[in-house]
Amino acid sequence: MFQLSSEGKQQVLNELKRYESKQSAVLPALYIGQRENKGFITPAVIQELSRVMEIPESQINEVFTFYTMYNKKNVGKYHVQVCRTLSCMLNGAEELVGHLCEQLNTRVDQMTTDGRFTISEVECLGSCGTAPMMQIGDKYFENLTPESAMNLLRTMK
Amino acid sequence: MAIQETKYLTEFYHLPEFKGIDGYKKNGGYVELEKALKMQPQAIIDEVKASGLRGRGGAGFSTGMKWGFLPKNNEPRYLLCNADEGEPGTFKDRMMMEKAPHQLIEGMIISGFAIGSKKSYIYVRGEYDQSINTLETAIQEAYKAGYLGKNILGSGFDHDMDVYRGAGAYICGEETGMISSLEGLKGQPKLKPPFPAVQGYLKKPTIVNNVETLAVVKYVIRDGAAHYKKIGTEKSTGTKLFSLSGNVMKPGNFEVPLGFPLKDMVFGLGGGMKPGRQLKAVIPGGSSAPVLNAEESNRALLDYENLAQMGTMLGSGAIIVIDDSNCMVQCLSNLMHFYHHESCGQCTPCREGTGWLDKITRSILSGKGRLQDIELLLKVADNMKGKTICALSDAAALPVLSFVPKFRDEFEYFVREGKSKVKGTAYKGHSYAEMHH
Ligand SMILES: Cc1cc2nc3c(=O)[nH]c(=O)nc-3n(C[C@H](O)[C@H](O)[C@H](O)COP(=O)(O)O)c2cc1C
Ligand code: SF4
Ligand code: FES
């Protein structure tokens, strides 16, 4: 069972009125559901959104599976998304990911045993002039070296 | 004389105050909106047409002409700003939104007035959190100041604006994919015609333009088409923001007149290669643009016609520089992984083709390639061209059709020796994850 908080529910209802068509609220509502479910979406989240929005589950599910920013499984407290695309690769993205995985004793897309980190590789984040880079939560961290990135993660508790 | 930028759109980007409405107004902000609201909408469209402005999002289509495709009636219509910026190598729109949100908003209100639209959306890629926050704050400021809402500056023109957050899908940068996404659906492109200008968001006429394109509209109104046309070349007018990245000393966004030598971009503004490295190749217009070798790069000019003549394109203005320490097989494979990941899967040639290109390049990288794989790459890519709903399929094929012939020795060496000619090793995959799984 998953239930939106009263604040979350109100936000979903606001999104329903915000756009010219009700269906347009599906993307923002999925973000709200994800935030209220510790960062990932389950069938129960879809059910709840469907109930509140009065939009069929199948329609919400279809959208959920199409986009990469909706997490399909539990990720660490810090989801470390390292860009792997060309400009970042040319500036050492592979070494960066390799170093982080080694230091944290984990693999790409596998949550660390303490639940703190998941390291993922993602496609170009529009920060190619400050490569290599990564995104954690909403924030960009740019011009990284393997060491500077790892030092940053060490400060995240 | 040192090689310099031409700061036309970016004149005030160094001022932090330019981001807020007061600082923006102090530096010429919203003056052109007042001017435009006193013009006839058709006169604005004519001016934009006469300026020669071409879309800055990739295709380079005439902006005034696109606006002219709208039905000539009072049917409601939408303006949709494309701020999805997903083309690898491109990071100019992010800078524009974060440093000068009002410049875009002003350009959009003027454009909305010209095309008779009462509602516009800025579709921003979901990862651009800071851009979204900056724009939302700026839109509120514009409402408070009376530049948005009902009866703007007493002109009788109403216009509302809102931001829509994407959720991670390159294909939503394609205009019909973007419209599907804005409708709250999967971001799958639709067959054209009908073009969005006739049938777009909620089946209503919709104009989709890139961030940079819409920002330029303000300057066409400020200086007039005749002046604007003097910048750049005859058919590629104005300045353009280029995102320079890869193996250069000083990467970044640079604004130059169209027709600017690529060599001056890479070695002048970009500071050239690292000590001891040589230029090997340049992708001049985002990851979909065919690659140029060093000799071609040294004579290319950054305008639509010259790059087309050289068999490539200006695209989104993303210049990716590759030096001689890199393996071209690995670079191509990196891009094929991207296109495979981003294909929306609707069309068989694209879905299957991107899968094959990804798989074959990866197999070569692992040292297990066969000589016939090189021909197979070319054949698969050739079969993906011009057969699909949107241009992603072509965008994936074009790098193959340029990397392989131009750097054939590296591909042949790799399949013959089982290792990279440049790096001396093979790879298990083309990303860290694949190497270690
Ligand atoms: C696969 C694909 C991705 C695209 N991504 C973008 C993008 O991120 N930003 C953009 O402005 N245009 C993008 N475009 C081009 C748009 O479809 C459209 O032509 C453009 O937004 C029109 O605006 P303009 O005329 O101002 O350039 C993309 C096209 C394709 C085929
Ligand atoms: S060409 Fe590819 S991305 Fe475009 S609609 Fe077809 S399958 Fe989707
Ligand atoms: S290639 Fe990494 S941010 Fe663009």
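Here are the numbers for this structure:
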{"quantity": "Given (1) over 18 Å from B:GLY57 (Cα atoms); (2) within 16 Å of ligand 2 (Cβ to nearest atom), index of the condition B:LEU202 fails", "calculated": "(2)"}
{"quantity": "Enumerated helices (runs of 4 or more DSSP H) restricted to the range B:270-387, each holding at least 1 residues that are of a type in the set (Lys, Arg) and without any contact (Cβ under 8 Å) to a residue 40 or more places away in the chain", "calculated": "B:294-299, B:348-365, B:371-383"}
{"quantity": "Cβ pairs under 9 Å, 6+ apart, first in the range A:77-93 and at positive phi and facing chain B (nearest Cβ under 8 Å), second of a type in the set (Gly, Ala, Ser) and more than 11 Å from ligand 3 (Cβ to nearest atom)", "calculated": "none"}
{"quantity": "Answer from A:THR106, A:THR112, A:THR68, A:THR42 - the residue that is free of Cβ contacts under 8 Å to residues at least 24 places away in the same chain and either facing chain B (nearest Cβ under 7 Å) or more than 16 Å from ligand 2 (Cβ to nearest atom) (or both)", "calculated": "A:THR106"}
{"quantity": "Filter result for the condition that a residue is over 23 Å from B:MET249 (Cβ atoms) and either within 15 Å of ligand 3 (Cβ to nearest atom) or surrounded by fewer than 24 Cβ atoms within 10 Å (Cβ to Cβ) (or both), over B:SER325, B:SER288", "calculated": "B:SER288"}
{"quantity": "Where B:ALA318 falls short, out of the listed (1) over 26 Å from B:GLY177 (Cβ atoms); (2) assigned by TED's automatic domain parsing to the domain that holds B:PRO251", "calculated": "(1)"}
{"quantity": "From B:ARG77, B:ARG56, residue being of a type outside the set (Gly, Ala, Ser) and within 28 Å of A:THR85 (Cβ to Cβ)", "calculated": "B:ARG56"}
{"quantity": "Residue within the range B:131-140 that is at pLDDT 95 or above, in a loop (DSSP other than H, G, I, E, B) and out of contact with any strand residue (DSSP E or B) (no Cβ under 6 Å at 6 or more places or on another chain) present", "calculated": "no"}
{"quantity": "Filter result for B:GLY270 (more than 30 Å from A:THR68 (Cα to Cα) and either over 20 Å from the mean Cα position of the chain (by Cα) or within 11 Å of chain A (Cβ to nearest Cβ) (or both))", "calculated": "yes"}
{"quantity": "Criterion violated by B:GLU342 - all others in (1) more than 23 Å from B:GLY315 (Cα to Cα); (2) within 16 Å of ligand 3 (Cβ to nearest atom) satisfied", "calculated": "(1)"}
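For every residue, the table says whether it meets (1) among the β-branched types (Val, Ile, Thr); (2) assigned by TED's automatic domain parsing to the domain that holds B:SER131; (3) farther than 24 Å from B:GLU136 by Cβ; (4) out of contact with any helix residue (DSSP H, G or I) (no Cβ under 9 Å at 6 or more places or on another chain).
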residue	(1), (2), (3), (4)
B:ILE3	yes, no, yes, no
B:ILE21	yes, yes, no, no
B:LYS26	no, yes, no, no
B:LEU33	no, yes, no, no
B:ALA50	no, yes, yes, no
B:ARG54	no, yes, yes, no
B:ARG77	no, yes, no, no
B:ASN82	no, yes, no, no
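The values are calculated or read from the model by the stated rules, or taken from the named source; none is laboratory data. In this text the structure is predicted, and so the values were computed from the model without any measurement. Cβ: placed from backbone, ideal geometry, glycine included. Neighbour counts: every protein chain shown.
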